[in-house]
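To keep things clear, I will list the structure first and then write my remarks on it.
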Amino acid sequence: MSNPTDRSASQTPAAQAPAGQTTRRITVTVNDTTANHDIAVRQSLSDFIREDLGLTGTHLGCEHGVCGACTILLDGQAVRSCLMLAVHADETTITTIEGLAEPDGTLHPIQQAFHESHGFQCAFCAPGFVMTTMALLNSNPNPTKEQIREELSGNLCRCTGYHTILKGVETAVQLYGSGRRDASETTDTNRQDGGTANA
């Protein structure tokens, strides 16, 4: 899946603000915390996550949906948050990188796998790769190498040459196979910093 779903093109009428309205209230569940937010109707989902919620683990790179750094899970699907307006996330469930680790700092298996494989150097791209990998393993717990490459092809890294990133995904598959934790498990609290560097 080289291009995660762009939900901005499939909004429902309820997600569209009336003509002339500049703000709108949305209800969204982020990392298992549900709240109402009054937002500008033209604010991107990535800016809402970073600026309004303070979850800066969702990184901004190209802001054109090309690099994958801003990838989050929206209703379980990998989505480029820079391409989607926040109003279109009304009544959805979002998972960001901060929602993966345990409250005591224990890493999610995907994070642990990338750590063990030394998957990243600067790690700016790490949140996007981790969230893309989570979407992959939620839908396909035992992907082939070709399927891993295809799924990650929409995420860019300027440092590693991708070999250690691919190794990280393969390690994650092994961790699930050993029963250490299932990829689809989510947290029960709004967590801060899921083990990757914030901007």
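The values are calculated or read from the model by the stated rules, or taken from the named source; none is laboratory data. Bear in mind the structure is a predicted one, so any value in this text is a computation, not a measurement. Quick reminder, even Gly has a Cβ in these numbers, built from the backbone with ideal geometry, and neighbours come from all protein chains shown.
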Practice task
Please state which one of Thr160, Thr106 is under 23 Å from Cys62 (Cα atoms) and out of contact with any Pro (no Cβ under 7 Å at 6 or more places or on another chain).
Solution key: Thr160
Completion exercise
Taking region 67-84 and keeping only residues that are surrounded by fewer than 24 Cβ atoms within 10 Å (Cβ to Cβ) and either assigned by TED's automatic domain parsing to the domain that holds Arg158 or more than 19 Å from Leu136 (Cβ to Cβ) (or both), one is left with Leu83
Practice task
Answer yes or no: is there a residue in region 176-196 that is surrounded by 14 or more Cβ atoms within 10 Å (Cβ to Cβ), more than 15 Å from Ala101 (Cβ to Cβ) and at pLDDT below 95.
Solution key: yes
Exercise for the section: Residues being closer than 26 Å to Leu175 by Cα and free of Cβ contacts under 8 Å to residues at least 24 places away in the same chain: count how many of those fall in region 53-104. Expected result: 2
Practice task
Within region 36-59, identify whether any single residue is under 11 Å from the mean Cα position of the chain (by Cα), over 11 Å from Pro127 (Cβ atoms), at pLDDT 95 or above and not aliphatic (A, V, I, L, M), and answer yes or no.
Solution key: yes
Exercise for the section: Collect the residues in region 69-96 that are outside any strand (DSSP E or B) and closer than 22 Å to Cys157 by Cβ, keeping them in residue-number order. Expected result: Ala69, Cys70, Ser81, Cys82, Leu83, Thr96
Completion exercise
Sole miss for Cys157 among (1) more than 15 Å from the chain's Cα centre (by Cα); (2) surrounded by fewer than 20 Cβ atoms within 10 Å (Cβ to Cβ); (3) modelled with pLDDT under 95 is condition (2)
Practice task
Could you tell me whether region 48-63 includes any residue that is farther than 22 Å from Thr164 by Cβ, surrounded by fewer than 23 Cβ atoms within 10 Å (Cβ to Cβ) and in contact with a Lys or Arg (Cβ under 9 Å, 6 or more places away or on another chain)?
Solution key: yes
Problem - Output for region 145-163, where each listed residue is without any contact (Cβ under 8 Å) to a residue 60 or more places away in the chain and in contact with a helix residue (DSSP H, G or I) (Cβ under 9 Å, 6 or more places away or on another chain) - result: Lys145, Gln147, Ile148, Arg149, Leu152, Cys157, Tyr162
Practice task
Return the total of residues in region 135-150 being charged (D, E, K, R) and in contact with a strand residue (DSSP E or B) (Cβ under 7 Å, 6 or more places away or on another chain).
Solution key: 0
